Structures are given as structure tokens and as C-alpha cells.
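Undergrad: Can you read through this structure? Questions will come right after.
Computed from the coordinates by the stated procedures, all read-outs in this text should not be read as laboratory data. Given the structure is predicted, the values throughout are model-derived calculations rather than measurements. Please note: Cβ atoms are built from the backbone with ideal geometry, for glycine as well, and neighbour counts cover all protein chains shown.
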Amino acid sequence: MRVVEARRLLLKLSNVTEGRSYGMPSFLLNGRFLARFRDDDTVLVLQLATISERDVLMELDPRAFFFTEHDRDYPAVLVRLAEVARPLLIDVVTEAWRHVASLPPPRPRKKGAGQEAR
């Protein structure tokens, strides 16, 4: 799957918008992080419900699904877009969307020094 197709898939989901998370261009659902691209847009970082879900995906297709040491304790998976089957990615993204949609809205962040309230 190409990045254009993955982007289209994400933006077709209800209430998903492009925004920023930790300064990175991201896909947000109701203001919460859902996904973003990395590694020159060859990898999709996707929020999951549990680390166990990531483990199952990695067992299912270790070429497509992986994580880095940075993500070890975080319920997210990295997806190599060139390796993942389109139907599987659609299922995984849809399930991630369901999880993030079930979360309460994010709390507003406090403005840091030098930032003006709007």
C-alpha cells in the first residue's frame, strides 16, 4: 500500500483530521492521536488498544508489523506500508479507530510560557 492510499483510508474515517501531535504531522480523531507517518512516509505509526494487540499483529505478519525500543511500553504498532496487505491494514486501522473513538475527549493542554491564550 502506498502512503496516498493509507492517507485516504485514514481521512475517510469519521472525525479523523490532519493535525499535529508532539510537533509531528498526524492524524487525529476527536483531538486524540490516531496515526502518523515516519521514515520518509514508508511506515505508519498506529495507536492500538493494548500492547497484546501489537504482539498478535507481529506474530501474524512480522514483515509488516514491528516496534522500536522507543515504543516498547506504548500500545502502538509500526506498519511497513510496502509489506502490509491492504485488507489487513484496513482492518487494523478500523479497529484502532474504534478504540480511539471510545476514549473520552482529551483534556485541554495548559499554555506554556510565552504562549498566548486564544
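Undergrad: Please check which bits of the stretch 32-49 a label hung off A82 would reach, taking the label as a point 7 Å along Cα-to-C-beta and the cut-off as backbone N under 14 Å.
TA: Of the residues in the stretch 32-49, 39-44 have backbone N under 14 Å from the label point off A82.
Undergrad: Please give the calculated 222 nm ellipticity per residue for the chain, where each DSSP H segment of at least 4 residues contributes -39500 (n - 2.57) and the sum is spread over every residue; nearest 500 deg cm²/dmol?
TA: Computed ellipticity for the chain at 222 nm equals -9500 deg cm²/dmol.
Undergrad: Further question: Taking only Cα atoms, what is the 0 to 90° angle, nearest 10, from helix 86-101's long axis to the longest principal axis of the chain?
TA: 30 degrees
Undergrad: Of the residues D55, D71, D40, which exhibits the maximal mean-square fluctuation in a Gaussian network model of the chain defined by a 10 Å Cα contact cut-off?
TA: D40
Undergrad: While we're looking at this one, here's another question. I'd like the orientation of helix 51-60 relative to the chain: the angle between its Cα long axis and the longest Cα principal axis, in ° from 0 to 90, rounded to 10.
TA: Value to nearest ten degrees: 30.
Undergrad: A follow-up question, please. Over the chain, calculate the relative contact order: mean separation of alpha carbon pairs under 8 Å at least 6 apart, over the residue count, as a percent. Mind dumping the intermediate values first?
TA: Numbers: 162 pairs, mean separation 29.2, N = 118.
This gives 25 percent for the chain.
Undergrad: A follow-up question, please. Rank L11, L28, L78 by mean-square fluctuation in a GNM of the chain with C-alpha springs under 10 angstrom and give only the top-ranked residue.
TA: L11
Undergrad: Now for a separate question. I want the local charge near E83. Using Cβ-Cβ distances under 12 Å, sum +1 for each Lys or Arg and -1 for each Asp or Glu among the other residues. Walk me through the intermediate numbers first.
TA: Working: positive: R63, R80, R86; negative: D61.
Taking every other residue near E83 into account, the sum is +2.
Undergrad: Ratio of the stretch 3-101's C-alpha Rg to 2.2 N^0.38 Å, to two decimals?
TA: Details: Rg = 12.2 Å, N = 99, 2.2 N^0.38 = 12.6 Å.
Computed over Cα atoms of the stretch 3-101, the ratio equals 0.96.
Undergrad: So, one more: Could you work out the per residue convex hull volume over the alpha carbons of the stretch 25-77, in cubic angstrom? Numbers along the way, then the final one.
TA: On the way: hull volume 4.5 nm³, N = 53.
Considering the Cα atoms of the stretch 25-77, their hull volume per residue is 85 Å³.
Undergrad: On a 0 to 90 degree scale, rounded to 10, what angle separates helix 3-12 from the longest Cα axis of the chain?
TA: On a 0 to 90 degree scale, this one is about 60.
Undergrad: I've got another one for you. By counting other Cβ atoms within 10 Å of each Cβ, how are E69, E5, E53 ranked from fewest to most?
TA: The order, fewest Cβ neighbours first, is E69, E5, E53.
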